[in-house]
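Trainee: Got a structure for you, written out below as structure tokens; questions coming shortly.
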Amino acid sequence: LGCRAEGRPPPLLSWFRGSRLLREERGAPTLRLHLRQVSAAQAGPYTCVGENRHGRHSRSLHLHVA
């Protein structure tokens, strides 16, 4: 999964599954979340958040595993 954000100052990018933080990085323009051996247990909502002192923006997706 990929997430991209721009801002000044550069944003903190974070990936969440529900309320659980999975990965974060400050100042990178993109943040990838690699899911290995995807199973039904990994299905559900994932959210990428970009934030800096000027605000916060997020995008969510729901991963379906067949």
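Trainee: Identify all residues within region 31-54 that are aliphatic (A, V, I, L, M) and either more than 18 Å from Arg20 (Cα to Cα) or assigned to a helix (DSSP H, G or I) (or both); write none if there are none.
Mentor: Passing the criteria: Ala40, Ala41.
Trainee: Here is a follow-up. So, in region 44-63, exactly how many residues are free of Cβ contacts under 8 Å to residues at least 24 places away in the same chain, exposed (fewer than 13 other Cβ atoms within 10 Å of the Cβ) and in contact with a strand residue (DSSP E or B) (Cβ under 9 Å, 6 or more places away or on another chain)?
Mentor: The number of residues fulfilling the criteria is 3.
Trainee: Of everything in region 1-32 that's in contact with a Leu (Cβ under 9 Å, 6 or more places away or on another chain), of a type in the set (A, V, I, L, M) and at pLDDT 95 or above, which residue is nearest to Val65 (Cα to Cα)?
Mentor: Per the stated criteria, the residue is Leu22.
Trainee: While we're on this one: Residue check, Ser39 against (1) surrounded by 10 or more Cβ atoms within 10 Å (Cβ to Cβ); (2) more than 15 Å from Leu1 (Cβ to Cβ); (3) of a type in the set (Ser, Thr, Tyr), all met but one. Which one?
Mentor: Every condition holds for Ser39 apart from (1).
Trainee: If you scan region 21-33, which residues turn out to be on the phi < 0 side of the Ramachandran plot and more than 11 Å from the chain's Cα centre (by Cα)?
Mentor: Scanning region 21-33 gives Arg26, Ala28, Pro29.
Trainee: Mind checking which pairs have a first residue in region 11-22 that is within 20 Å of Ala43 (Cβ to Cβ) and a second that is buried (at least 18 other Cβ atoms within 10 Å of the Cβ) and among the polar types (S, T, N, Q), Cβ under 9 Å, 6 or more apart or different chains?
Mentor: That search, which allows pairs on different chains as well, returns Leu21/Ser14; Leu22/Ser14.
The values are calculated or read from the model by the stated rules, or taken from the named source; none is laboratory data. This is a predicted model, so every value here is computed, not measured. Heads up, the Cβs are rebuilt from the backbone with ideal geometry, glycines too, and the neighbour counts pull from every protein chain shown.
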